[in-house]
Amino acid sequence: MGVEEHRKTAPKRFKFAVITVSDTASRGEREDASGRFLLKAFEGEGNENVYYKAVPDEKLSIIGALVEAFERGAELIITTGGTGVTHRDVTIESLRPLFDKELEGFGEVFRLRSHDEIGTAVVLTRATAGIIRSGGRAVAVFCLPGSPNAVRTGFEILRREAYHVLKHAGE
């Protein structure tokens with residue numbers, strides 16, 4: 001079966017969660033424009049938001065939010081923030097060990113598309129994705145940078161491929 005045939009048999013809607021990883025947003029010191037964009041964009045595509053939270057750049061807070069999102073039935077979890085290279089950027093270190101399968105291609109395509117906008121500074125992002133399986137369920141997790149432009153770029157990739165990813169993750 002080809003890619004287009006797979007897409008035709010993929011789910012048409014999904015339950016999703018958005019987790020913003022930001023010290024300042026978690027304290028209410030700045031608006032979470034990136035997280036809010038994702039909520040509106042995915043709901044606008046007909047999907048159901050089951051969880052949203054802004055958490056500090058702390059490993060246990062990130063993992064705890066992911067577990068809460070999973071328990072609320074999220075099939076797709078998008079994180080925004082914490083994918084850079086500063087000592088506070090720990091989203092990847094927190095979530096990558098939980099992946100049963102890593103989707104390296106997502107990060108590659110994200111960086112390719114981002115290069116047109118920010119040039120070689122794209123080497124500073126570690127955006128990635130993976131599948132986590134637990135209790136007979138699979139959830140797709142996509143880790144995006146925190147900037148609104150990066151989130152829009154990630155959404156454009158996900159609006160096309162998330163359904164396809166979910167189809168295969170559930171097999």
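Summing Lys and Arg as +1 and Asp and Glu as -1 over all other residues whose Cβ lies under 11 Å from the Cβ of TYR163 gives a net charge of +4.
What's log10 of I(q)/I(0) for the chain at q = 0.08, 0.13, 0.14, 0.19 Å⁻¹, Debye sum over Cα points only, no solvent? For the chain, the Cα-only Debye profile gives -0.21, -0.57, -0.67, -1.30.
Using 0.36 nm per residue and subtracting the Cα-Cα separation, the extra length available between GLU29 and ASN149 on full extension is 41.2 nm.
Where both residues lie in the range 3-169, what percent of DSSP beta bridges are antiparallel, nearest 5? About 35 percent, rounded to the nearest 5. Between THR9 and ILE118, the simple spin-label model (points 7 angstrom out along Cα→Cβ) gives 3.8 nm.
Kindly list the residues of the range 21-64 that lie in the label zone of ARG137, defined by a backbone N under 13 Å from the point 7 Å along the Cα-to-C-beta vector. Of the residues in the range 21-64, 50-51 have backbone N under 13 Å from the label point off ARG137.
The magnitude of the dipole of the range 1-101, with charges of +1 and -1 set on the Cβ of Lys/Arg and Asp/Glu and taken from the Cα centre, is near 200 debye. Ordered by the number of other Cβ atoms lying within 10 Å of each residue's own Cβ, fewest first, ILE132, ILE77 fall into the sequence ILE132, ILE77.
Here is how the number arises for the chain: DSSP H runs of 4 or more residues each give -39500 (n - 2.57), the sum is divided by the residue count, and the result at 222 nm is -14000 deg cm²/dmol.
Summing +1 for each Lys or Arg and -1 for each Asp or Glu, what net charge is found among the other residues whose Cβ lies under 15 Å from the Cβ of HIS87? Local charge sum for HIS87: -2. Count Lys and Arg as plus one, Asp and Glu as minus one, and take only other residues whose Cβ is under 12 Å from that of ARG96; the net charge is then -1.
Each of THR83, ALA127, ALA10 was scored by the projection of its Cα onto the charge dipole of the chain, and the greatest displacement toward the positive side belongs to ALA10; charges sit on the C-beta of Lys, Arg, Asp and Glu.
Charged side chains reduced to their Cβ positions (Lys and Arg at +1, Asp and Glu at -1) give the range 3-169 a dipole of some 380 debye around its Cα centre. Dividing the C-alpha radius of gyration of the range 76-158 by 2.2 N^0.38 Å, with N its residue count, gives 1.06. Using C-alpha pairs below 8 Å separated by at least 6 residues, the relative contact order for the range 3-169 is 27 percent.
Shown for VAL85, VAL151: other C-beta atoms within 10 Å of each C-beta, ranked fewest to most, produce the order VAL85, VAL151.
Taken together, the values in this text are just the output of simple stated rules run on the coordinates, not laboratory data. A quick note: this is a predicted structure, and the numbers were derived from the prediction, not measured. For neighbour counting, all protein chains shown are included, and Cβ atoms are generated from backbone atoms with ideal geometry for every residue, glycine included.
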